[in-house]
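So the structure is just underneath, and the comments pick up after that.
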Amino acid sequence: MLNDTPNIPDPDGFYAELLGTHEGLTPEESHALNARLILILANHIGDRETLSAALEAARTSGQNTGEAS
Amino acid sequence: MTLQDRYPLAFRLYPYARSPDQDAEAPIRHPAVIVGAGPVGLSLALDLGLRGTPVVVLDDHEGVGLGSRALCFAKRTLEIMDRLGAGRDMVGKGIVWQKGRVFRDRDEIFDFDLLPEAGHEYPAFINLQQPHFERFTMEAIARAQAGGAPIEVRGKNRVDAATVTEDGATLDLMTPDGPYRIAADYLIACDGARSPVRSMLGLGFEGRVFEDNFLIADVKMTADFPTERWFWFEPWFKSGDSALLHKQPDDIWRIDFQLGWDIDREKELKPENIRARVDKMLGHSDYELDWCSIYTFQCRRMERFRHGRVVFAGDSAHQVSPFGARGANSGVQDADNLGWKLAAVLAGAPDALLDSYDAERVMAADENILNSSRSTDFLTPKTEVSRLFRNAVLDLARQHAFARPLINSGRLSLPCIYDGSPLNTADALDGPARSRPGAPCPDAPFGDGFLLQSLGGGFTLLAIGCDAPDSLEEAGAKATRLSVEPTPEIRDRYLASASAALYLIRPDQHVAGRWPEFDETALRAAMRRAMGY
Ligand SMILES: Cc1cc2nc3c(=O)[nH]c(=O)nc-3n(C[C@H](O)[C@H](O)[C@H](O)COP(=O)(O)OP(=O)(O)OC[C@H]3O[C@@H](n4cnc5c(N)ncnc54)[C@H](O)[C@@H]3O)c2cc1C
């Protein structure tokens, strides 16, 4: 089950750290970092159903979902 | 059109000889006619002949083409060839291997072992050039013929036209002595990826083309690399986007370079350009080029493999990329699946048995195409984002174990488990998943030898720690008992928590059903089902 409720105790701190991790990187390097990060987190979650739900949530909540709206 | 070889031969295996059929006034009718004497046509002919089913094989050449093409032959294929009498010759000549290593640049990032358990007669893989595979199969055919097996292989017999009716097909053939015709109750098209028979019937072959070129350089040299499959992503020697190294018999090494899509084929095939790439990889030029070729590939299949009295097997029915060695291996497994069914239908079993060939082998083809497409998506990322993730996996793999199983340089051929096949009887044993109904029997030590070699080519009642009659006849078939003690390997592979088991095994060594003990009513019903009733 994908946990959709707030779960990070320190949201502002985490957000700053996430951006900080990208500091000084070119857009290309940032994309690569994001890809590695996704794989690391996905493995940590492991549960296939949760991963599918997360992929679906990401796909359908963006501005450009690929579907005619 | 006269007969002209489309390729030079490595071995002349079935020289043209005039057949009495060529002097007949009306086309002579044969129960089974196979078009194409490649690995699939030959193994099917051998299987049918050993069952006593008369079979004629037609090929427009007199032997196997030069150049190695298929190289890696899988355990299941070797087990099938063992049943057909050619497995040992193949392993005797082939290079046995089971381990692979994957590198990126200079670093090893992944390794795998394709058979991490003992107690099997045949290895995970051998490397054997396709011409030798076909030669050994043909030699086994010659031995079978000497023992009375009704097999005929007619070289320089080209199929130019096929007329198909409800009860068979008539073929127009061209030979060095001119044209003649023969008829067949069943026509089996094993005539390769470009299948003329498929075109003659106007049938489609849909799928995906992968936009990449691979250069094969088979080089002759003495070297002491281990007998493992070595694969490089973005290799330090920069001879290609990826590279593959495999050992072959006779001091030949297969080297494979990924060249990309936009290349000048002719230029790349110039020996000096090939040598430049190989030199960079090996760091020396102390080798000879044996055979070189550039290939592209596709993953596709026919919608159905059976069209009335015409059945397709091997590359004519389905095609995959070479990564994973699923081409010839799956084709031989088609032949293994079809042989006993066709023999049974010709002997009076219901025609529906042949529909199960379609169901089971389409399922296998889809599995192979899925695996093969996933490998090529990893090797040849098609979009920026797929390259991004591919490289992320490779970047992570050195330090993070979790990423290593995501590396896909080819998932090597495994036999399909026919889950849901119409021939299966519902599982009645709390046994291991690997030997469930539909699965190929796992091998295990047995007596002084091995289990699979003791199964033979008919139905078997495999009685493990329980009683069963010597044999059981039902639905025109006979199942013969084989009693087996529950050794640790048998327990592990066939019993799990059960204390005894009775397996009904099909002629192609796949499990038809399994029970905790012999139950005549259940067994008879299962045999009827497995025979297509
Ligand atoms: C580079 C490369 C590497 C490969 N590596 C592997 C590997 O490692 N492992 C693996 O399992 N597979 C591998 N394959 C795939 C393998 O070579 C094929 O899957 C296999 O040859 C298919 O066998 P087949 O009998 O179906 O067809 P084919 O071998 O193509 O045989 C078809 C036969 O039909 C004959 N024929 C055609 N038209 C007519 C006609 N009109 N009349 C009479 N006869 C005709 C042809 O002459 C030929 O003899 C590789 C392929 C390539 C290209």
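The values are calculated or read from the model by the stated rules, or taken from the named source; none is laboratory data. Computed from a predicted structure; not experimentally measured. Quick reminder, even Gly has a Cβ in these numbers, built from the backbone with ideal geometry, and neighbours come from all protein chains shown. Side chains included, ligands, DNA and RNA excluded: accessible areas come from the protein's heavy atoms. Shrake-Rupley method; radii C 1.70, N 1.55, O 1.52, S 1.80 Å.
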Of all residues in the stretch B:306-345, which are among the small types (Gly, Ala, Ser), farther than 30 Å from B:ILE274 by Cα and within 13 Å of the ligand (Cβ to nearest atom)?
-> B:ALA313, B:GLY314, B:SER316, B:ALA317, B:SER330, B:GLY331, B:ALA335
Checking B:GLY420, B:GLY438 in turn, the sole residue that is open to solvent by less than 20 Å² (accessible area, probe 1.4 Å) and away from chain A (no Cβ under 11 Å) turns out to be B:GLY438
State which residue is farthest from A:GLY46 (Cα to Cα) when the search covers only the stretch A:4-18 and only residues that are within 15 Å of the chain's Cα centre (by Cα) and surrounded by 10 or more Cβ atoms within 10 Å (Cβ to Cβ).
-> A:ALA16
Positions within the stretch B:256-275 being open to solvent by 40 Å² or more (accessible area, probe 1.4 Å) and either free of Cβ contacts under 8 Å to residues at least 12 places away in the same chain or within 17 Å of B:PHE210 (Cα to Cα) (or both), in sequence order = B:TRP261, B:ASP262, B:ILE263, B:ASP264, B:ARG265, B:GLU266, B:LYS267, B:LYS270, B:GLU272, B:ASN273
Restricting to the stretch B:360-393, what's the tally of residues that are aliphatic (A, V, I, L, M) and within 10 Å of another protein chain (Cβ to nearest Cβ)?
-> 4
Which residues, counting only those in the stretch B:105-120, are in a loop (DSSP other than H, G, I, E, B) and either open to solvent by 50 Å² or more (accessible area, probe 1.4 Å) or touching a Gly at 6+ places or on another chain (Cβ under 7 Å) (or both)?
-> B:ASP105, B:ARG106, B:LEU114, B:PRO116, B:GLU117, B:ALA118
Across the stretch B:34-57, what is the number of residues that are within 14 Å of the ligand (Cβ to nearest atom) and within 20 Å of the chain's Cα centre (by Cα)?
-> 15
Tell me the strands (runs of 3 or more DSSP E) entirely within the stretch B:25-72 that contain at least 3 residues that are touching a Phe, Trp or Tyr at 6+ places or on another chain (Cβ under 8 Å) and of a type outside the set (Lys, Arg).
-> B:28-35, B:63-65
Counting only strands (runs of 3 or more DSSP E) wholly inside the stretch B:468-533, the ones holding at least 2 residues that are surrounded by fewer than 23 Cβ atoms within 10 Å (Cβ to Cβ) are B:471-474, B:477-484
Return a yes/no flag: does the stretch B:294-305 have any residue that is within 13 Å of the ligand (Cβ to nearest atom) and part of a loop (DSSP other than H, G, I, E, B).
-> yes
Which one of the conditions (1) outside any loop (DSSP other than H, G, I, E, B); (2) buried (at least 23 other Cβ atoms within 10 Å of the Cβ) does B:GLN22 fail to meet, given that it meets all the rest?
-> (2)
Do the conditions hold for B:VAL332, that is, is it away from chain A (no Cβ under 14 Å), buried (at least 22 other Cβ atoms within 10 Å of the Cβ) and at pLDDT below 95?
-> no
At pLDDT below 95 and more than 27 Å from B:ILE369 (Cβ to Cβ): does that describe B:ASP224?
-> yes
Filter the strands (runs of 3 or more DSSP E) completely within the stretch B:135-225 down to those with at least 2 residues that are out of contact with any Lys or Arg (no Cβ under 9 Å at 6 or more places or on another chain) and of a type outside the set (Asp, Glu).
-> B:151-154, B:158-165, B:178-189, B:206-220
Filtering the stretch B:163-177 for residues that are surrounded by fewer than 19 Cβ atoms within 10 Å (Cβ to Cβ) and touching a residue at least 40 places away in the same chain (Cβ under 8 Å) leaves a count of 8
Given (1) under 19 Å from B:SER413 (Cβ atoms); (2) surrounded by fewer than 17 Cβ atoms within 10 Å (Cβ to Cβ); (3) within 15 Å of the ligand (Cβ to nearest atom), number of the condition B:ARG12 does not satisfy = (1)
Which ones in the stretch B:201-258 are among the hydroxyl-bearing types (Ser, Thr, Tyr) and within 16 Å of the ligand (Cβ to nearest atom)?
-> B:THR227, B:SER242
